[in-house]
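For reference, the structure is listed below as structure tokens.
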Amino acid sequence: MTDTRETTGTRPHPDTPPDDTDATVDLPAAIATHLTGLTGTVIEVGGDPDTVRALRAAHLDVLSLAAPGTRAGAHADPEALPLRTGSVAAIVATHRLPAVDDVDTTLAGFARVLAPGGRVVIAANALGDRRELRGLWTTAARDCGVTDPPPFLDTDARFPLDHAEAWLQRHFTDVTVTPLRGTTTLDADTVLALLRAQRPTDAGVTWDLLASVVESRVRDTATTDGGFALTTLTGIATGTK
């Protein structure tokens, strides 16, 4: 398992921009650096428009496919992607692995369609991403009388960057994991929407009470600071067929 809190134990790609804790990370551009000079077809899994634009701007031959095996309506069997075995030079998946039904099966499907020496490039959030949201939730719950608040739901927990190295090593060689740290400042309404989307179903207190405490804090901070700052911790995992 890779510890994304530090770079020790990871092997960053030499062309990847250094961590910048004062700016939003340009993840699509960082992904493209891992494929500089590549010849052959690059498959972008999921149809992320920003990633597709960045890859094409890097003069790569890109084909975008709908995400395979996702719970929100599968478009293709990850064990039988609509591609010939060994037919593509690279596969790129941006924040797609947490949504698949079977991570191992999906990675095996990626390996199948890659040509020898082909590359897989996967972007994922770390468990420490936007940690301020967890702090808000926990503090507000305790202020509402919850002694031991239940864990904050994490949509990235099924495939966090922290575990990417172990997952990829089952199917690929020369695995690298590069954490990318940054900050983003959001308005109060956006922060509150994120919290609502990830709140536990059993909070130990009514959501209306908890939401009122959280909203007051978020809006006060946003008014004082001109927005609510979140620390982002995402990254890129790569491997070779």
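The values are calculated or read from the model by the stated rules, or taken from the named source; none is laboratory data. No experiment lies behind these values; they were computed from the predicted model shown. All Cβ positions, even for glycine, are placed from backbone atoms using ideal geometry, and neighbour counts span all protein chains on display.
Some points to look at:
- Matching option when the condition is of a type in the set (S, T, N, Q) and farther than 20 Å from K241 by Cα, among T139, T106: T139
- Qualifying residue in the range 25-34 (condition: at pLDDT 95 or above, assigned to a loop (DSSP other than H, G, I, E, B) and either within 18 Å of A124 (Cα to Cα) or not β-branched (V, I, T) (or both)): yes
- Selection count, the range 43-57, where residues are in contact with a Ser or Thr (Cβ under 6 Å, 6 or more places away or on another chain) and touching a residue at least 24 places away in the same chain (Cβ under 8 Å): 3
- Residue match in the range 154-176 (condition: of a type in the set (V, I, T), over 23 Å from R217 (Cβ atoms) and crowded, with 22+ Cβ neighbours inside 10 Å): no
- W167 being more than 27 Å from A30 (Cβ to Cβ) and either at pLDDT 85 or above or among the aromatic types (F, W, Y) (or both): no
- A search for C-beta distances below 6 Å between a residue of the range 168-183 that is polar (S, T, N, Q) and any residue that is surrounded by 20 or more Cβ atoms within 10 Å (Cβ to Cβ) and in a strand (DSSP E or B), counting only pairs 6+ apart in sequence or on different chains, returns Q169/V175; T176/T238; T178/G235; T178/I236.
- For the range 114-135, the set of residues classified as among the hydrophobic types (A, V, I, L, M, F, W, C), buried (at least 21 other Cβ atoms within 10 Å of the Cβ) and out of contact with any Phe, Trp or Tyr (no Cβ under 9 Å at 6 or more places or on another chain) consists of V121, A123, A126, listed by residue number.
- Scanning the range 215-239 for residues that are surrounded by fewer than 16 Cβ atoms within 10 Å (Cβ to Cβ) and either polar (S, T, N, Q) or under 24 Å from the mean Cα position of the chain (by Cα) (or both) turns up S216, T223, T224, A229, T231.
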